[in-house]
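Before any comments, here is the structure.
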Amino acid sequence: MTQLSGKVALVTGASSGLGAAVAQVFAERGASVFGIARDAERMAEVFTAVPGGVYSSVDIATPEACRDAVAACVQRFGRLDVLVNAAGFHQMRHTTAVTDEDWDYDLAVNLNGPFYLCRAALPHLLETAGNIVNVASIAGVEGEVYSAGYCAAKHGLVGLTRALAIEFTKERLRVNAVCPGGMLTPQVTEFQAPDNADYNLIMRIAAPRGMMAPVDVAKVIAFLASDDAATVHGAVYNVDNGKTAG
């Protein structure tokens, strides 16, 4: 089993879905977890299964909140070894119905927030020879119907991952991304198609082996965050039950 003993991890989106699974898997493998999300009440429930974990209500859409979250994590645990950008937002809409506010929010949560957190965390991660795992999506490597803002943001997050990997090639820092396919998270189970949606197009998103449990993707993230992945840098892992195989 991949071990994370002694590492301090800041995990976003920790109130549910993949972020919650990452927090739990990391804690089980010995990491100290600082979880952030907007819903403190749901995090309180999640963190009953995160021994020694700390959580804080944070909206990652603002640079100030991201900076303060990183500072709070370092103040609490004295260091930072891993940043996992697991928070995400996806709501299907016809592109002609996307408002300026919709577009801005897609980018704020799915791209801007991860950038703000990376920027704030980098000085600390460089000190600890740490690493970043960005959670993109298969929508970051291919198109998805009714998801213009989400796809644009997740493609951007893949690009950010690769750009940072190149920039810090000569430093003791690793930056990688995972691109999950469909998982059994609230984002999927509470999914609503837009009016007059073409379900033949929507079904193109489905993987041949079906939906995944968040914990299965969390284990891949745990590997990338561990010393077992010491030579993995600038990688983009598709974790999608074969969806993008061809």
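Express the relative contact order of the stretch 159-246 as a whole percentage, based on alpha carbon pairs under 8 Å and six or more residues apart in sequence. This gives 47 percent for the stretch 159-246. Rounded, prolate or oblate: which fits the stretch 93-161 when a ≥ b ≥ c are the square roots of the eigenvalues of the alpha-carbon gyration tensor, with rounded for a/c under 1.5 and prolate only if a/b beats b/c? Verdict is oblate for the stretch 93-161. Computed from point charges on the beta carbon alone (+1 for Lys and Arg, -1 for Asp and Glu), the dipole magnitude for the chain about its Cα centre is near 800 Debye.
Split the accessible area of the chain by element, probe 1.4 Å, and carbon with sulfur accounts for 50%.
In summary, the lysines within cross-link reach of Lys219, defined as a Cα separation below 24 angstrom excluding same-chain residues under 8 places away, comprise Lys7, Lys154, Lys243. A straight line joining the Cα centroids of the stretch 42-119 and the stretch 202-246 runs 20 Å. Length gained on full extension, Phe89 to Ile166: 25.0 nm, using 0.36 nm per residue less the C-alpha separation.
If R0 is taken as 25 Å, the Cβ-Cβ distance between Asn200 and Val98 corresponds to a FRET efficiency of 0.70.
Averaging the Cα positions of each part gives two centres, and for the stretch 121-179 and the stretch 1-30 these lie 18 Å apart. Net length available on complete extension from Gln192 to Gln3 is 64.2 nm, with 0.36 nm assigned per residue and the Cα-Cα distance removed. Estimated from helical segments only, the mean residue ellipticity of the chain at 222 nm is -12000 deg cm²/dmol, where each DSSP H run of four or more residues counts as -39500 (n - 2.57).
Highest mean packing first, where packing is the average number of other Cβ atoms within 10 Å per residue, the peptides 225-235, 95-105, 17-27 line up as 17-27, 225-235, 95-105. Across the stretch 1-148, the mean sequence separation of Cα contacts (distance under 8 Å, 6 or more residues apart), normalised by length, yields a relative contact order of 24 percent. Rounded, prolate or oblate: which fits the stretch 24-85, taking a ≥ b ≥ c as square roots of the Cα gyration tensor eigenvalues, rounded meaning a/c under 1.5, else prolate when a/b beats b/c? Cα axes put the stretch 24-85 in the oblate bin.
The values are calculated or read from the model by the stated rules, or taken from the named source; none is laboratory data. These numbers come from a predicted model, not from an experiment. So basically every Cβ, Gly included, is an ideal-geometry build from the backbone, and we count neighbours across all protein chains shown. Ligands, DNA and RNA are stripped out before the accessible areas are found, and what is left, the full protein with its side chains, is counted by its heavy atoms. Shrake-Rupley method; radii C 1.70, N 1.55, O 1.52, S 1.80 Å.
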